[in-house]
Amino acid sequence: MDQIQTLSNAVQQAIAGNETYNTYQPIWEYYLESYVGGEEYRRAGHLVRYQLESEREYNARLYQTPLDNHCSSVVSVYNSFLFRESPKREYGPMEGLSEVKEFLKDADYDGRSLTAFMKDVATWASVFGHCYVMVTKANVGATTRAEEQAMGVRPYVSYLTPLVVLDWQYSRSVTGRYELSYFKYLEEVNGQIQTVKEWTQDTIVTRTVDVENDSILEEFEEVNQLGMIPAVCVYNQKGIQRGIGVSDIADISDLQKYIYNGTSEIMQSIQMDTHPSIVATPDTNIGTGSGALIHVPDNMDPGLKPYLLEFTGAGVDKILSAIKQKEEAIDKIANTGAVRATESRTMSGVAMETEFQLLNAKLAEKADNLELAEEQVWRLFASYLGLTWQGDIDYPGSFNIKDTGSEIQQLKTAKETATNPMVLEEIDAKILEWLGVDEYEMVPTEQTFEVHTMYGPNGETRVVTSEQEHMDLVAQGWTHEGE
């Protein structure tokens, strides 16, 4: 019994998370369900169950209630701006290396380019608040880079969401910098079989665990030749605790759940209005549908005749108004009111410009965190090749979010009211700037004039060589054909 208990303890220790992980795991699962939506959100049971509601009735209500996924919408808006322009990369001495070219085309050995991979990283960092990027390289026993190139071995990346990172520890180095000193994560889950990896700065331990039977199927230890843990923590927004970020949907997910339950109440209100409950004795035969017959016993007491229960719940309009307020609250939190709006909203130009500036600042902060993370990834990539990273990564710092419709309307109004030629010239320059046209490139197109003969009123002829000459002769009564 002691040996069995010892083995069970070893298995539980291998797959156990630290205290911080255990605290945040249900929160991260909630964020994931809110972002993914669909069947995951339905199975999570975020619809409030009524008192005395049966399982069948609750499941029917779950499948009748649609989810308006604001979490996914907000994250998609952010990424559409962040990656509207590709980041600029300079590789320094690593420029032209075959490993770099292959890494840019297929960063994760799954066919995704580095930019596409970083877009996925930005998505999960936005959802959870942070995620990890692992930079690894297969150990095939090669002793030189030439041998690795011949075997097609190079560094590659993979991202880890916080749900699979079970344990981590930071320690301060002699230079005062915090570095990962321990890192454990679930590498693969295949039913009851789980593969767990533990990294230290000296060793890498891989365990394959049978969770159901409490047994360790395989354990393998190798030397960490890199001398450090090649994991980069990508923050969406840095929190107060090291290794924990701030999610973009932390508050939006709660508002989304409120809207989800409000949508269910609308469905129930409509059903109660159109199909009210009937109070009747057990021996009353009641048909279903509109205009159905109700058969009552001949000897029924008149005071026991069937009657309808009048519905006195909240009106649909009130619920819709509450939902609209919550949607506006989501846009205020995310600074996306003018971007996600599906209809014209009453906002002053100053208010819209302020909201654009707030959104621009939020996007700039996210871009800076991605830029820092990718630079750390390239440092690890260079270390695997025995080189030093001397390149530079530059993500867009400004996203030029403007209300172009409002700007054009203002220019139109200004041009209609202005009289000063200098002011009109400046307005035209602004219009050309909005159109993306350089005024110095606007050279009039040279038109060719076809030389031809014209005939005068008195029978004289003349060869016309210019448009101006043609117009003058036409004014004097000349024609193209003699008469």
Item to check | trypsin sites (Lys or Arg not before Pro) within the stretch 358-403: DSSP coil, no more than 14 neighbouring Cβ in 10 Å | outcome: 402
Item to check | Under 14 Å from the Cα of residue 197 - aspartates and glutamates, other chains or at least 8 residues apart | outcome: 167, 187, 188, 218, 219, 221, 222
Item to check | Cα gyration tensor shape of the stretch 148-260, rounded if a/c is under 1.5, else prolate or oblate by comparing a/b with b/c | outcome: oblate
Checklist entry - Sorted from largest down, what three extents in whole angstroms do the Cα atoms of the stretch 210-258 have along their principal axes? => result 47, 35, 14
Item to check | DSSP-assigned coil residues among trypsin sites (Lys or Arg not before Pro) in the stretch 139-222, each with at most 16 further Cβ atoms within 10 Å | outcome: 177
Next on the checklist: So for the stretch 93-178, averaging the separation of alpha carbon pairs under 8 Å that are six or more residues apart and normalising by length, what relative contact order in percent results?
Outcome noted: 25
Item to check | Alpha carbon convex hull of the stretch 98-212, volume per residue in cubic angstrom | outcome: 160
Checklist entry - Could you give the accessible area per residue of the stretch 18-83, probe 1.4 Å, as a whole number in Å²? => result 54
Item to check | Fraction of accessible area attributable to carbon and sulfur, the stretch 163-283 (%, probe 1.4 Å) | outcome: 48
Checklist entry - Going through the stretch 86-119, which GluC sites (Glu not before Pro) have at most 14 other Cβ atoms within 10 Å and a DSSP loop state? => result 95
Checklist entry - Tell me, what is the 1.4 Å probe accessible area of residue 464, in Å² to the nearest 10? => result 0
Checklist entry - By a straight-distance test (C-alpha under 22 Å), which lysines pair with residue 332 as possible cross-link partners, with residues fewer than eight away in the same chain excluded? => result 238, 257, 318, 324, 362, 366, 402
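The values are calculated or read from the model by the stated rules, or taken from the named source; none is laboratory data. Bear in mind that the values here come from a model prediction, so they are computed numbers and not experimental data. No Cβ is skipped: glycine too gets one built from the backbone with ideal geometry, and neighbour counts run over all protein chains shown. Just the protein is used for accessible areas: all its heavy atoms, side chains included, with ligands, DNA and RNA removed. Shrake-Rupley method; radii C 1.70, N 1.55, O 1.52, S 1.80 Å.
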